[in-house]
1. Classify the chain: rounded, prolate or oblate, from the alpha-carbon gyration tensor (a ≥ b ≥ c, eigenvalue square roots; a/c under 1.5 rounded; otherwise prolate if a/b is larger than b/c)?
2. Using amide H atoms built in the peptide plane, which far-off residues or other-chain residues are under 5 Å from Lys124 H to H?
3. Return the distance in nm (one decimal) between the two label points of a simple spin-label model at Arg29 and Glu49, each offset 7 Å from Cα along Cα→Cβ.
4. Under 8 Å for C-alpha pairs, at least 6 residues apart: give me the relative contact order for the chain, rounded to a whole percent.
5. Would you please give the residues with an amide H less than 5 Å from that of Ala222, counting only those at least 5 places away or on a separate chain, with H modeled from the backbone geometry?
6. Please arrange Asp103, Asp44 by how many other C-beta atoms lie within 10 Å of their C-beta, fewest to most.
7. Can you give the extra length, in nm with one decimal, that the chain gains between Glu229 and Leu114 once fully stretched, where that is 0.36 nm per residue apart less the Cα-Cα distance?
8. Of Lys5/Lys55; Lys170/Lys240; Lys168/Lys218; Lys83/Lys240, which ones are farther than 28 Å apart at the Cα?
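Each reported figure results from applying straightforward, stated rules to the coordinates on display, with no laboratory input. The structure displayed is predicted, hence computed values, not measured ones. Heads up, the Cβs are rebuilt from the backbone with ideal geometry, glycines too, and the neighbour counts pull from every protein chain shown.
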Amino acid sequence: MRVAKNVVEARRQLLADLLQNGRYLALDRICQELSISPATARRDLSELERSGRVKRTPGGALARFTARFPTFHERLRVQAPAKQELARQALPYLLSGFTVYIDGGTTPYALARLLPEADIPGLKVVTNSLPVVDYLASTSVSLHVLGGSLIPRQSLLLGAEAIHSIGKWKFDVAILGAEGLNQNGVWNSAPEVVELQRAVIRQSHRSFVLLTSDKIGKQAAALLGPLSEPLRLISDASAKQMEARRIPQSMIQGKTR
């Protein structure tokens, strides 16, 4: 039975709206939300991708990263006290003479804001975050900026040039942000972000993901990887919340409630 064109268009618009609100949906979730078959979901996603409204990923789809994902300054206001607390927990891992990578998320940015007052002798900071650059540029912190393509809404430098730049460095510590953590591992907002973060982890002695409790149990567009050395977690989530989500306690640094 052929479905009327206006019904198909309404369903596809609903799917686009769902992705805009949720940023990422797995294929089985799309089928569940819209009561459609996987084949129909794939056809709808293909059409939405052709029209530039979404980007398909293995096993799902996400709203276009540059157009739909909240801006850096929009995200800066979310969970601000919790992000500041995680930054304070991460600060003791930054020692005299260390070379440190600070990621482009708002929680790593909270750590960058602590550095001028912390006054750690000989600390070098490498970053792809323009807000971090802007904040530290007028301080005494030794600052180094990756090359790369600018993602304006997120104030990030990404792409092949940024990854090539990472290869020139060795980091004592990397401070990373993320969009979710579940039993499968750490997730972030886009494959391009994860690709750069993986390059950073390869060049780092120790890497920490700073993750507020509201992101525990969530999945985003791209899997960074499981929690295992050298990637560890600093979070304000409770031990009970972690246990419920089957997150290994051995990979958690700092305090849990």
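1. Values: a/c = 2.35, a/b = 1.75, b/c = 1.34.
The shape class here is prolate.
2. When sequence neighbours closer than 5 places are left aside, the close amide H contacts are Phe98, Thr99, Val100.
3. 1.8 nm
4. Numbers: 496 pairs, mean separation 37.8, N = 257.
Relative contact order comes out at 15 percent.
5. Excluding prolines and chain starts, which carry no amide H, the hits are Asn188, Ala190.
6. Values: Asp103 29, Asp44 22.
Placing the least packed residue first, the sequence is Asp44, Asp103.
7. Details: separation 115, 0.36 × 115 = 41.40 nm, distance 2.59 nm.
Using 0.36 nm per residue and subtracting the Cα-Cα distance, I get 38.8 nm.
8. Working: Lys5/Lys55 23 Å; Lys170/Lys240 36 Å; Lys168/Lys218 33 Å; Lys83/Lys240 20 Å.
Where the Cα-Cα span goes over 28 Å, the pairs concerned are Lys170/Lys240; Lys168/Lys218.
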